[in-house]
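Below is one structure, written out as structure tokens, with a few remarks after it.
None of the figures in this text is laboratory data; all of them are computed from the coordinates on show. Because the structure is a prediction, the values reported are computed rather than measured. In this analysis, Cβ positions are derived from the backbone assuming ideal geometry, glycine residues included, and neighbour counts consider all displayed protein chains.
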Amino acid sequence: MQLPLTYVLSFSALLFGIGLYGALTLQNAIRILMCIEIMLNAVNVNLIAFSRYLSPLQPAGQAFVIFVMTVAAAEVAVGLAIILMIARRRDTIDIDRMNLLKW
Amino acid sequence: MTVSDVLFLAICLITLVAAWRVVVSAKVMHAALWLGLTFFGVAAVFLMLSADFVAAAQVLVYVGAITVLLIFGIMLSEGTEGTPRGSERSSLGRKVAPVGAAAGFAALMVYLYHQAGLRQPPPAEVATDTPRAIGTLLFSDFVIPFEVASLVLLVGMVGAIVLAMREEG
């Protein structure tokens, strides 16, 4: 592969932009969680790309991606548990109607 | 442009289209399936950047676990989705601001990356034994974060069980 680093980073920036747009506009809490996962993946692409182009023999960036995946897995598990609890108690997962604490 | 460059750009295109479908598709279940394709595309990008172990972990953790978990969540919360209401969302600021934030961020980052002039192709020599290298790093330089991460997973698991448990007398 001969592509310069800029192309991989641009791909990751576009992926992050799509995830950010979804997280800001969607109303379904589970889909917002999906968009957060997309953003985390974009960050992982950045880490892998810098690891490949700048320190190819010492893959510390790849080890860091493993940590990001761990935290993402824990985040999805806890986030889904919270969403399911809200769905049971308030009968909605629309974030516009989760306004109990809203002034 | 070599064959692998064209392949890389094709994978990028597929991944971006899949991610876009996650945001715009009408049904939540379809969004979850497109999300699986997005994760596969990112795993392919990892593979092309010769991070084979991380690509395998990506398929196992994201496609195998997180997508399935999200689908379970969608099925358990079905019927509580509610109808999307147009009236409160239709103000101009609430429509323009997310587009501006996302497009502005992506455009700024792409512009900065091009200005930075990172033009050199990837180095030819690369660590081929990545599982061994990552394992050595995890148990030498990163051993404290590694143990903390295992604690985070344990706390997350217990927390998810406690939160999702039905409280009944």
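Quotient of the Cα radius of gyration of segment B:1-76 and 2.2 N^0.38 Å, N being its number of residues: 1.18. Listed values for segment A:65-82 are Karplus-derived 3J(HN,Hα) couplings in whole Hz (6.51 cos²θ - 1.76 cosθ + 1.60, θ = phi - 60°), namely 4, 4, 5, 4, 4, 4, 5, 5, 5, 4, 5, 5, 4, 5, x, 5, 4, 5, and x replaces Gly and Pro.
Going by neighbour counts of Cβ atoms within 10 Å, the residues B:75, A:69 line up, fewest first, as B:75, A:69. If you plug the beta carbon distance of residue A:90 and residue B:56 into 1/(1 + (r/R0)^6) with R0 = 51 Å, you get a FRET efficiency near 0.80. Assuming charge only on the beta carbon of Lys and Arg (+1) and of Asp and Glu (-1), the dipole of chain B about its Cα centre is about 700 debye to the nearest 20. Shielding of peptide B:69-77 by partners, expressed as the average count of other chain Cβ atoms within 10 Å per residue Cβ, is 6.
On the beta carbon distance between residue B:99 and residue B:47, with R0 = 35 Å, the FRET formula returns roughly 0.60.
Considering only A:22, B:115, A:72, and ranking their Cα positions along the charge dipole of the protein assembly as shown that arises from unit charges at the beta-carbon of Lys, Arg, Asp and Glu, the one farthest toward the positive end is A:22.
Charged side chains reduced to their Cβ positions (Lys and Arg at +1, Asp and Glu at -1) give segment A:5-97 a dipole of some 100 debye around its Cα centre.
Each of residue B:17 and residue A:57 was given a label point 7 Å from its Cα along the Cα-to-Cβ line. The distance between the two points is 4.1 nm.
If you fit an axis through the alpha-carbon atoms of helix A:29-54 and take the longest principal axis of the Cα set of chain A, what angle between them do you get, 0 to 90°, nearest 10? The answer is roughly 10 degrees. Each residue of segment B:16-24 was assigned a 3J(HN,Hα) from its phi angle through the Karplus curve 6.51 cos²θ - 1.76 cosθ + 1.60 (θ = phi - 60°); the sequence is 5, 5, 4, 5, 5, 5, 4, 6, 9 Hz, with glycine and proline shown as x.
Stokes-Einstein diffusion for the protein assembly as shown at 20 °C, viscosity 1.002 mPa s, with a Kirkwood radius from C-alpha pairs, works out to 108 µm²/s.
Pair-distance distribution of segment A:7-81: all C-alpha pairs, bin width 5 Å, starting at 0; shares per bin in whole percent are 3, 17, 21, 21, 18, 10, 6, 2, 0. Annotation: the residues A:82, B:144, sorted from fewest to most other C-beta atoms within 10 Å of their own C-beta, follow the order B:144, A:82. Put in line by how crowded their Cβ is, counting other Cβ atoms within 10 Å and starting with the fewest, A:102, B:27 read A:102, B:27.
From the alpha carbon centroid of segment B:106-169 to that of segment A:1-50 is 15 Å. Look at where the Cα atoms of segment B:9-74 and of segment A:55-103 average out, and the two centres are 16 Å apart.
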